[in-house]
Amino acid sequence: MLDALPLPHSFESRIGTALLRRATVDDTDAVIALLADDPISAARGDVASEEDRPAYRQGLIEILAEPSNDLLVVELDGAIVGTLQLTSIPGMARRGARRLLVEAVRVQSSLRSSGIGSAVMRWVSEAAAPAVGASMVQLTSDASRTDAHRFYERLGYVGSHRGFKYSVPQG
């Protein structure tokens, strides 16, 4: 399903030409570092510890093996500086509309406000969603991420729902 995405995709940012492409298992460490670079993710346990590496690697393998999922990375000058996960969701609501879910959007903290995130999110709404037949792009953002909320609103996203999560106890 997501193999229809127009990738790889080059784009300009304020700091140079970047490349958006599908992740590979070889990108595991770079993606882990991006998650750990985010204080909210780090507070949830994404601290890039070596003992967690096998779990992250397995997660990436499973994402890449599932046709309705994809993990993308942004390269700049040969280094991975951004990532996001996409999931195509068929639905019954809205007359059977397909949605494209965006998760775990991260840009290296030192490169935020460089135009990378804006370019990637525009590609999601203008190229990726139409390529997979999605009529809506949706995402959730932690309630404490007020800067991210302004970022998404500036791109035309509307804070229309209140999300809920339940953490399943691990036995």
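Every number in this text was worked out from the coordinates using simple rules, so none of it is lab data. On a predicted model such as this, the values are computed, not experimentally measured, just so you know. Here the Cβ positions follow ideal geometry from the backbone for every residue, glycine too, while neighbour counts run over all protein chains shown.
A few points about this structure:
- For the pair A42 and H161, the difference between a 0.36 nm per residue extended length and the Cα-Cα distance amounts to 40.3 nm.
- Choice from D37, D29, D52 with maximal GNM fluctuation in the chain (Cα, 10 Å cutoff): D52
- Tail fraction, Cα-Cα pairs, the stretch 108-171, threshold 16 Å, whole percent: 58
- Residue of A33, A93, A42 that the Gaussian network model of the chain assigns the largest fluctuation, springs spanning Cα pairs under 10 Å: A93
- Inter-label distance for A127 and A65, nm, one decimal - labels placed 7 Å from Cα along Cα-to-Cβ: 2.9
- The slack between A93 and S135, meaning 0.36 nm per residue of separation minus the straight C-alpha distance, is 14.0 nm.
- Relative contact order, percent, the chain [alpha-carbon distance under 8 Å, six or more residues apart]: 21
- Low-density loop positions, trypsin sites (Lys or Arg not before Pro), the stretch 1-36 - DSSP coil, at most 11 other Cβ in 10 Å: R14
- Choice from M121, M136, M92 showing the highest fluctuation, given a GNM over the chain with Cα pairs closer than 10 Å: M92
- The stretch 64-108 - convex hull of alpha carbons, volume per residue in Å³: 76
- The chain, helix-only ellipticity at 222 nm - DSSP H runs n ≥ 4, -39,500 (n - 2.57), divided by all residues, nearest 500: -7500 deg cm²/dmol
- Convex hull volume per residue for the stretch 57-154, taking Cα atoms only, in Å³: 133
- Exposed chymotrypsin sites (Phe, Trp or Tyr not before Pro) absent: longest stretch of the chain, with sites in DSSP loops and at most 15 other Cβ within 10 Å deemed exposed: 1-163
- Both radii were evaluated on the Cα set of the chain; the Rg over Rh quotient, with Rh as the Kirkwood radius, amounts to 0.94.
- For Q170 and E153, the difference between the fully extended length at 0.36 nm per residue and the C-alpha to C-alpha distance is 2.6 nm.
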